[in-house]
Amino acid sequence: MSGKNVRVAKADELTELSMRINGEECRGEVEPRTLLVFFLRDELNLTGTHVGCDTGHCGACTVVMDGKAVKSCMILAVQAAGADILTVEGLADDDKLNPIQKAFTENHGLQCGFCTPGLLMTTLALLRENQQPTEADIRRGIEGNLCRCTGYVNVVKSVKAAARALSEARKESSQ
Ligand code: FES
Ligand code: FES
């Protein structure tokens, strides 16, 4: 039987990788066990992506990867090689807040703010998939993002406001 040569990387061996982050090609070297969230925070200094639980429960580490909201503590950096990633740092246009950030600010969708980057990225992916979500759609969409402060009422209000703002912006750009 002709066997294949399978080479398993050692835990501390560095692997080169590149991915597109917030529109820019980023390269780095990581240990194979490095989680995407630590690649973003520790290697690229993109500390807007938070680490809450490190076990996939809280959603603080949510980023958008190839159009889907993902928990970056549940993905190895090497699994994201070649992907297109958007983090909270990529939302604003210089000093101009993204409509989702503006809606959260204006509707008091945050208190301490720890969960907010993850909620913003989940909202972005949700509103890309569903431009006119019902309250039930919104609550289902954000169920993987835990917030200890707001009780979610103003978060839901913020997502609704963001959906309206994005819809207005689409109408204006099509005129
Ligand atoms: S830090 Fe990733 S889900 Fe909590
Ligand atoms: S605003 Fe504090 S955890 Fe959500």
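Using a probe of 1.4 angstrom, how much of the accessible area of the range 33-175 is carbon and sulfur, in percent?
That share works out to 49 percent.
Which distance in nm do the two modelled labels at Ala136 and Met74 give, with both placed 7 Å along the Cα-to-Cβ direction?
2.3
Going by alpha carbons, how many degrees (0 to 90, nearest 10) lie between the helix axis of 116-129 and the longest principal axis of the chain?
Once rounded, one gets 80 degrees.
Which log10 I(q)/I(0) values does the range 1-124 give at q = 0.15, 0.23 Å⁻¹ under the Debye formula, counting every alpha carbon as one identical point scatterer?
These q points yield log10 I(q)/I(0) values of -0.69, -1.36.
Could you identify which residue out of Val78, Val51, Val153 has the top mean-square fluctuation in a GNM of the chain using Cα springs shorter than 10 Å?
Its mean-square fluctuation being the largest, the pick is Val153.
Spelling out what I want: for every residue of the range 142-153, take phi, set θ = phi - 60°, compute 6.51 cos²θ - 1.76 cosθ + 1.60 (Karplus), and round to whole Hz; glycine and proline get x.
Listing the rounded values in order: 9, 5, x, 10, 8, 10, 8, 9, 8, x, 6, 4 Hz.
Could you name the aspartates and glutamates in cross-link range of Lys160, using Cα to Cα under 13 Å and dropping any fewer than eight places away on the same chain?
Glu106, Glu135, Asp137, Glu168
Please give the contour-minus-distance gain from Glu172 to Arg128: 0.36 nm per residue of separation, less the Cα-Cα distance, rounded to one decimal in nm.
So the chain would gain 14.1 nm between Glu172 and Arg128.
Among Val70, Thr49, Thr134, whose Cα sits farthest toward the positive end of the charge dipole of the chain (+1 at Cβ of Lys/Arg, -1 at Cβ of Asp/Glu, about the Cα centre)?
Thr134
The values are calculated or read from the model by the stated rules, or taken from the named source; none is laboratory data. All figures in this text were calculated on a predicted structure; none of them were measured in a lab. Virtual Cβ from ideal backbone geometry, glycine too; neighbours counted across all protein chains shown. The protein model used for the area step is the full one, side chains on, heavy atoms only, and it has no ligands, DNA or RNA in it. Shrake-Rupley method; radii C 1.70, N 1.55, O 1.52, S 1.80 Å.
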